[in-house]
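The values are calculated or read from the model by the stated rules, or taken from the named source; none is laboratory data. Just so you know, these numbers come straight off a predicted model, no measurement behind them. Here the Cβ positions follow ideal geometry from the backbone for every residue, glycine too, while neighbour counts run over all protein chains shown.
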Amino acid sequence: MSNREVQPFQFACPVCEECISFIIGHPDGTLKGAEDIVDFDGPFKGENPFVDLHLDFPAYFGKYEMGKTTFIRVVSELGEDAYYHLAQRLEVLNRLLPMQRDLQRIITQYKRGDIDKLDGICNKIPGVTLRSHKKQDVLAALYSATSIMSSPFTIHEQNEELSNELPGLYQWLHAHHHDKTVAYIDEILANNFLQNLHQDCLSLYPKIIELDLPFRATFFYDYVKEGEYNPVAARISTTDFDTCNNFYKDLAEVFSRQLILLAGLNNLLHRGDHNEFEPSLKVTRRNEPRREAVSLNAFADADLGTKLQFIDKCFYKIDETAIDNRLRNGIAHYKYEYKESTQVITYYPFKEEMNREKAQEITFIEFIRKSLLLFREVHNLNHLIKTTLYYCVLVLKKDF
């Protein structure tokens, strides 16, 4: 069993596809979609499908083997040290759940600009302090809240490294390309791009806490080497594909817009002008001009897959395993099918007019894992947004 206070389970019958669900730790935990066998004599004989369920780890469907529970299997595969580290992260996630509403309210009141209400909410959350109503202190309280919300889902070492290194980027740009850097900041403040991007990014943090049930099982894959596990055989013991699907689309959309900020700074760093892309990328192989590289404004209209092509020798290393443009296209355009009993997503990423023939498949747990990796990229680039905001407030003394 998980240590989560309320434990909802759901899976689909492989014979009829009907959903079977029950909740442990809740008064309305009645079994739905199946009948409880009162005089069960066990063990499982194989007459019916066997499902091994666990909220915290990937569960396995298959032949029953006495003693080989999901918990025993995970401890055996990871080893005690890795398991205890994983268990600590899961416990942090459990402690976040009672604070979920207040953490959401911090984001809401910040976006509304109601600092008085924000002040009262911060007092309720350990680790979040609003020292004054100055902009820098409001941002500090806000980022304390997002750090708490993201802590079980992200990698501490990455957060620490980015927090330490990104201010140095602005120090260098301020010293070497001062006027062009200020002009870039003025532009993204005047058109509200930076403010809108910041608020859209903040909206994602409460959503991932709401989705703790499907995401918690994917932490397991942080502790095993790629290629040493078979995600096709693993399932998640509770599923809400439509909600997870929408969250993935939101992540991809925000990440795509974060790349605009990243590209502008990268252009400044390498060429001293946020609109100046690498010359060799401005033309096609046939020496025809590429519209996307004319300016940062034109770049902003490019799709996610195209944007990645125009960011050269980037100071921030993008995790390309988190970006699956074909999957995003299939999901975003509602060209997919989901079979709950096997937890397999079949999607059609190509333009095929009215046909659906070129299918690709991904398991639900692989899909959630990709969503987790993409959330980490969004969170990493939120450090860049944070650094940009502090540069505006503390160095340029901008009011926004």
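Return a yes/no flag: does region 338-361 have any residue that is closer than 16 Å to ARG257 by Cα and touching a residue at least 60 places away in the same chain (Cβ under 8 Å).
As a first pass, look at region 338-361 and keep what is closer than 16 Å to ARG257 by Cα: none.
No, because not a single residue in region 338-361 is closer than 16 Å to ARG257 by Cα and touching a residue at least 60 places away in the same chain (Cβ under 8 Å).
Quick one: which of LEU251, LEU166 is in contact with a Leu (Cβ under 8 Å, 6 or more places away or on another chain) and closer than 27 Å to LEU130 by Cβ?
Details: LEU251 fails: closer than 27 Å to LEU130 by Cβ.
Selected residue: LEU166, the only one of LEU251, LEU166 that is in contact with a Leu (Cβ under 8 Å, 6 or more places away or on another chain) and closer than 27 Å to LEU130 by Cβ.
Quick one: ARG4 ticks every box in (1) in a helix (DSSP H, G or I); (2) in contact (Cβ under 8 Å) with a residue 60 or more places away in the chain except a single one, so which number is it?
Evaluating ARG4 over (1) in a helix (DSSP H, G or I); (2) in contact (Cβ under 8 Å) with a residue 60 or more places away in the chain leaves (1) as the failure.
Can you pull out every residue in region 302-319 that is buried (at least 17 other Cβ atoms within 10 Å of the Cβ) and without any contact (Cβ under 8 Å) to a residue 40 or more places away in the chain?
In the first step, residues of region 302-319 are kept if they are buried (at least 17 other Cβ atoms within 10 Å of the Cβ); the result is 302, 304, 307-308, 310-311, 316.
Within region 302-319, ALA302 is the sole residue that qualifies.
Looking at this structure, is LEU373 surrounded by 16 or more Cβ atoms within 10 Å (Cβ to Cβ), closer than 30 Å to LEU261 by Cβ, in the same structural domain as ARG257 (by TED's automatic domain parsing) and touching a Leu at 6+ places or on another chain (Cβ under 7 Å)? Quick ask: steps written out before the conclusion?
Working: surrounded by 16 or more Cβ atoms within 10 Å (Cβ to Cβ): yes; closer than 30 Å to LEU261 by Cβ: yes; in the same structural domain as ARG257 (by TED's automatic domain parsing): yes; touching a Leu at 6+ places or on another chain (Cβ under 7 Å): no.
In short, no.
Only residues in region 8-24 that are under 11 Å from SER237 (Cβ atoms) count as the first member; pair them with residues that are outside any strand (DSSP E or B) and of a type in the set (D, E, K, R), Cβ under 8 angstrom, at least 6 apart or cross-chain, and list the lot.
PHE11/GLU340
I want to confirm something. Restricting to region 320-341 and keeping residues that are in contact with a helix residue (DSSP H, G or I) (Cβ under 9 Å, 6 or more places away or on another chain) and of a type in the set (S, T, N, Q), which single residue is surrounded by the most Cβ atoms within 10 Å (Cβ to Cβ)? Steps first, answer last, please.
Going through region 320-341, the residues in contact with a helix residue (DSSP H, G or I) (Cβ under 9 Å, 6 or more places away or on another chain) turn out to be 320-329, 331-332, 335-336, 338, 340.
With of a type in the set (S, T, N, Q) added as a condition, the list becomes 321, 325, 329.
Details: THR321: 12, ASN325: 16, ASN329: 19.
So the residue we want is ASN329.
Report whether or not ASP81 is free of Cβ contacts under 8 Å to residues at least 12 places away in the same chain and either of a type in the set (Phe, Trp, Tyr) or part of a helix (DSSP H, G or I) (or both). Steps first, answer last, please.
Details: free of Cβ contacts under 8 Å to residues at least 12 places away in the same chain: yes; either of a type in the set (Phe, Trp, Tyr) or part of a helix (DSSP H, G or I) (or both): yes.
Criteria met by ASP81.
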